[in-house]
Every structure is written in structure tokens, then in C-alpha cells.
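Chemist: Have a look at this one.
The values are calculated or read from the model by the stated rules, or taken from the named source; none is laboratory data. Only a predicted model underlies this, so the values are computations on that prediction, with no experimental measurement involved. Heads up, the Cβs are rebuilt from the backbone with ideal geometry, glycines too, and the neighbour counts pull from every protein chain shown. Calculation scope for accessible area: heavy atoms of the full protein, side chains included, ligands and nucleic acids excluded. Shrake-Rupley method; radii C 1.70, N 1.55, O 1.52, S 1.80 Å.
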Amino acid sequence: MGLVVVGAAGRMGRTLIRAVHETPGAAIVGAVEREGSPFVGQDAGELAGVGRLGVAIADDPLPAFAKADGVLDFTAPAATVVFAGYAAQARIAHIIGTTGCSEADDAAIAAAARHATIVKSGNMSLGVNLLAVLVEQAARALDAADFDIEVLEMHHRHKVDAPSGTALLLGEAAATGRQVPLADNSVRSRDGHTGPRPEGTIGFATLRGGSVVGDHSVILAGAGERIVLSHHAEDRALFARGAVKAALWAHGRKPGLYSMRDVLGLST
Ligand SMILES: NC(=O)C1=CN([C@@H]2O[C@H](COP(=O)(O)OP(=O)(O)OC[C@H]3O[C@@H](n4cnc5c(N)ncnc54)[C@H](OP(=O)(O)O)[C@@H]3O)[C@@H](O)[C@H]2O)C=CC1
Ligand SMILES: O=C(O)C1=N[C@H](C(=O)O)C[C@H](O)C1
């Protein structure tokens, strides 16, 4: 399967190039960065540390998409919306790891999924997607009057969106377990005289610092006891391997918007 990595010089972009290079049946056929990027023209393999691949980083996605079977996209919301349109035109798979998308961005991506096979997830690791299943079960089993749910995350100092895509994915799982919409029941920040915690809400807390790859905990706090369900990512390679797995799964599948739970066979 021929894959294009967009945002090829980024933290995830370089990790994705290495993951594709290590995967039998997958090959890098294109690498894209934004216009004016100092990385344009460099060899993608040399940039990622796997040796020369003969694929120069380009600033025009269209020729790259035209010769590819799929796109791996861990960039930024505005870029991802544009790439989704191009993937739909080219009728290829689009694997989206980008987080921080607005409702309007998600609507545009859903529209593109009428023609492209899109897999989108705030976290591409097996561990987090399994954790989401466990969170959903725990939230379903425990009464909202007895157990408060809080989602805590920590990431490196360069991260630009909050709460993380994973925190929101885990919050969605908790809300699904409780059979309530997350949008109407989430508390995204607290400051000052907040008053007591409203019953049934799902709280989010964000920490940023250093080089933390990604730590997430869902805390179910009751009277006299706490259940803590956690995942600690130690290496970005696990997200990249998940994305390549998603691309191979999506290849030849009918257009639509899929999740990593679909890819991993964890859908309930
Ligand atoms: N779902 C998952 O499993 C994971 C998701 N992520 C998400 O992936 C995204 C990227 O993370 P990370 O790699 O750390 O970020 P980086 O900033 O290191 O990388 C993003 C790259 O995309 C490039 N880019 C932005 N806009 C465009 C554009 N229009 N065309 C081409 N390239 C573009 C950036 O270029 P420039 O620097 O010039 O802006 C940069 O090189 C984030 O949203 C993050 O949350 C991260 C890890 C796992
Ligand atoms: O920006 C990151 O680094 C990560 N982003 C994703 C998120 O927002 O949850 C996934 C992972 O935790 C790393």
C-alpha cells in the first residue's frame, strides 16, 4: 500500500515514516509539509533517520495524493479539513490522528467521508482504545449519584490543544456508559469559587510539561473509595503503528467514517 505522510517533519510525521518503513506491505510514496517549510526538498527517509528513500518532501499535496492509496495525517485541524477534501477527490483512505478539531471541522470531515475511507481517532493505540471500553463499562455499572468521574491528562510542553483528543475520547466513553451526551455534562475547567461539584458531570483536568508522551487517567471517585483506570504512552511509535494498521485495514474498504475501535475489533 502506497502511503503519503502529511506533516512529515513533525514529531508524529517522522515517527510515521519510520513505522511505514518497518511495515511489510506498506511504502512511503509521498511526504508533504506546508509551503515555505525549511524541510521541503529534503529526503523523507533521511529526515526520519531510516536512510534515503528517494521521496523528497513536497509542498503540493495533490501530486502526492494522486499516486497514493492512503494518507497518514497528524497535522492541525485546518490542514486536516483540506486534506480530507483532497483524499475524497482521490478516493483514497485518510487516517486522521489530528486532535483539537471543532464541530465545524468534524462536519467537513464527515462530509469528505462520503467519498474517502476515513479512520479518525484521538488516540491510535490499542491500549487507550481498550481502556475506553473499560471506562464505558465502569461508567455503566456505577451510579452517577455514587461515583464522580474525572479525566486527568498530562502531555509534553509543545502540545497546543486541551483537553487532549484522548481525554475527550475517554470522556465520551464515560458519557456513553452513563447514557448522557458529553456536551451537556462536561466540566472543562475550574477556577475560583466554583461551588460544589454538580452531580453526574464528567470533569477534565489538563497538565502540560517536559517531554511526557501521553498520560491519561479516568478516576471514578465514590465515598471512601476510588477506581483509577490509566494508560501511559512511553513512545510515539505506538500511535504510528496504530495508524499504519488503520491504513492497511481501510485499504479497499467502502467510504465512511470509522474509528480505531472498528479497526481493532473493539466496537460494542
Ligand atoms: N491520534 C493519536 O494517536 C495522536 C494524535 N496526535 C496529534 O497529532 C497532531 C500533530 O502532533 P505532533 O506531531 O506532536 O505536532 P507537530 O507540530 O510536531 O507536527 C505537525 C506537523 O504538521 C505540519 N503542518 C501543519 N499544517 C500543515 C499543512 N497545511 N500542510 C502540511 N503540513 C502541515 C506542521 O508544520 P509546521 O511546524 O510548519 O506548522 C508540523 O510539521 C496533534 O493534533 C496531536 O494532538 C499526536 C500523537 C498521537
Ligand atoms: O499531542 C500529542 O502528543 C498527543 N495527542 C493525542 C491526544 O490529544 O490525545 C494523543 C496522544 O496522547 C499524544
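Chemist: Could you check how much of the accessible area of the range 141-268 is carbon and sulfur, as a whole percent, using a 1.4 Å probe?
Modeler: Values: 3460 of 6910 Å².
Its accessible area is 50 percent carbon and sulfur atoms.
Chemist: Here's something else I'd like to know. Determine the principal axes of the Cα atoms in the chain, then give the extent along each, sorted from largest to smallest and rounded to whole angstroms.
Modeler: 61, 39, 32
Chemist: With only alpha-carbon pairs counted, each pair once and no self-pairs, how large is the Kirkwood hydrodynamic radius of the range 176-233 in angstroms?
Modeler: Here the Kirkwood hydrodynamic radius works out to 13.8 Å.
Chemist: Pick from A250, A78, A116: which residue has the top mean-square fluctuation in a GNM of the chain where Cα pairs under 10 Å get a spring?
Modeler: In the Gaussian network model the winner is A78.
Chemist: To the nearest 20 debye, what charge dipole does the range 46-183 have about its Cα centre, counting +1 at the Cβ of each Lys and Arg and -1 at the Cβ of each Asp and Glu?
Modeler: Here the size comes out at about 480 debye.
Chemist: For helix 237-250, what angle does its Cα long axis make with the longest principal axis of the chain, in degrees from 0 to 90 and rounded to 10?
Modeler: Between the helix axis and the principal axis of the chain, the angle is about 70 degrees.
Chemist: Can I ask one more? About its Cα centre, how strong a charge dipole does the chain have in debye, to the nearest 20, once Lys and Arg get +1 and Asp and Glu get -1 at the Cβ? Spell out each step's value before the answer.
Modeler: Numbers: 24 positive and 28 negative charges, 119 e Å.
Using Cβ point charges on Lys, Arg, Asp and Glu, the chain gives about 560 debye.
Chemist: Run the numbers for E46 and V160: contour at 0.36 nm per residue of separation, minus the present Cα-Cα distance, in nm.
Modeler: Value of the extension gain: 38.3 nm.
Chemist: In terms of the Cα gyration tensor, with a ≥ b ≥ c the square roots of its eigenvalues, is the range 126-233 rounded because a/c is under 1.5, prolate because a/b exceeds b/c, or oblate?
Modeler: oblate
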